[in-house]
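Just below is one structure, and these are the notes that go with it.
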Amino acid sequence: MTGTIDASATVPILGAGSRLMFYPGKAAFSAGYVNGTQWDNGFVVPYSVAMEYSTTAIGMYATAVGSYVSTNNQQGAFIIGDADPNGQGTTLSGFPDEFVARFNNGYYFMTSGDAVLRSGVHIGHNGKSWVSICDKNRKENFEPLNGEAILQKLSAINFTSWNYKMHDSKAYRHYDIMAQDFNTAFGKDKDGVIGNDIIVNPSI
């Protein structure tokens with residue numbers, strides 16, 4: 001299907017129901033089911049995508065996928081949601097160009113593996129920070145370390161405050177070590193290379 005963007009274009013008023021609709025006048029796409037007016041003209045804006053169950057993609061270039069999520073008039077926002085198993089209602093984007101995800105049982109970002117031998121990071125149910133997957137049963141080739149030697153190396157690494165280039169030095173300060181210093185101290189053992197000199201991984 002092709003068409004032309006038209007600022008005066010209006011989407012049909014269809015109300016609740018299931019549909020698959022691409023509207024060329026607004027270059028907007030909707031697919032799934034809505035329980036109200038979420039996909040009627042007043043809630044469909046140019047270059048938006050809304051899919052699955054009662055999602056609302058309000059805001060140009062916005063995307064809403066899943067159930068009971070809304071980009072809330074935030075341009076460029078992307079929001080995705082689970083089945084809302086706790087009946088908490090619609091989750092809203094809070095800022096333009098923001099990614100929001102709501103999943104009651106957490107998240108896996110996997111860099112390799114399957115359902116059994118996963119590697120990556122995880123946030124569990126009600127979690128508030130990323131944790132590295134650290135199960136002993138998923139590891140091998142263990143080597144004992146000298147605790148005193150490690151502490152001596154750590155004591156020699158510079159800890160500084162700093163900001164990223166082109167970031168406001170008053171608003172976005174950080175306290176940390178440098179990847180190059182950490183890699184010099186811990187970047188190799190007798191078996192091979194560990195990490196690299198531009199990223200610090202707390203679970204290297």
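A Cβ distance below 8 Å, combined with a sequence gap of six or more or placement on separate chains, defines the contacts here; from the stretch 138-151, residues that are under 19 Å from G187 (Cβ atoms) reach residues that are among the acidic types (D, E) in the pairs N141/D191; E143/D189; E143/D191.
For every residue, the table says whether it meets (1) of a type in the set (D, E); (2) over 26 Å from R118 (Cβ atoms); (3) assigned by TED's automatic domain parsing to the domain that holds G120.
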| residue | (1), (2), (3) |
| --- | --- |
| K170 | no, yes, no |
| D176 | yes, yes, no |
| A179 | no, no, no |
| I199 | no, no, no |
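Does D197 satisfy the criteria of being surrounded by 13 or more Cβ atoms within 10 Å (Cβ to Cβ) and either without any contact (Cβ under 8 Å) to a residue 12 or more places away in the chain or of a type in the set (D, E, K, R) (or both)? Here the answer is yes, as D197 does meet what is asked.
Considering the stretch 63-138, the qualifying strands (runs of 3 or more DSSP E), each wholly inside and each with 1 or more residues that are at pLDDT below 95 and surrounded by 13 or more Cβ atoms within 10 Å (Cβ to Cβ), run over 107-112, 119-123.
Scanning the stretch 31-58 for residues that are of a type in the set (V, I, T), modelled with pLDDT of 95 or more and out of contact with any helix residue (DSSP H, G or I) (no Cβ under 8 Å at 6 or more places or on another chain) gives V34, V49, T55. Do we find a residue being among the β-branched types (V, I, T), out of contact with any Lys or Arg (no Cβ under 8 Å at 6 or more places or on another chain) and surrounded by 12 or more Cβ atoms within 10 Å (Cβ to Cβ) anywhere in the stretch 3-23? Yes. If you go through the stretch 34-50 and keep only what is buried (at least 17 other Cβ atoms within 10 Å of the Cβ) and not in a loop (DSSP other than H, G, I, E, B), you end up with V34, F43, V49, A50.
The values are calculated or read from the model by the stated rules, or taken from the named source; none is laboratory data. Everything numeric in this text was worked out from a predicted model, so none of it was measured. For neighbour counting, all protein chains shown are included, and Cβ atoms are generated from backbone atoms with ideal geometry for every residue, glycine included.
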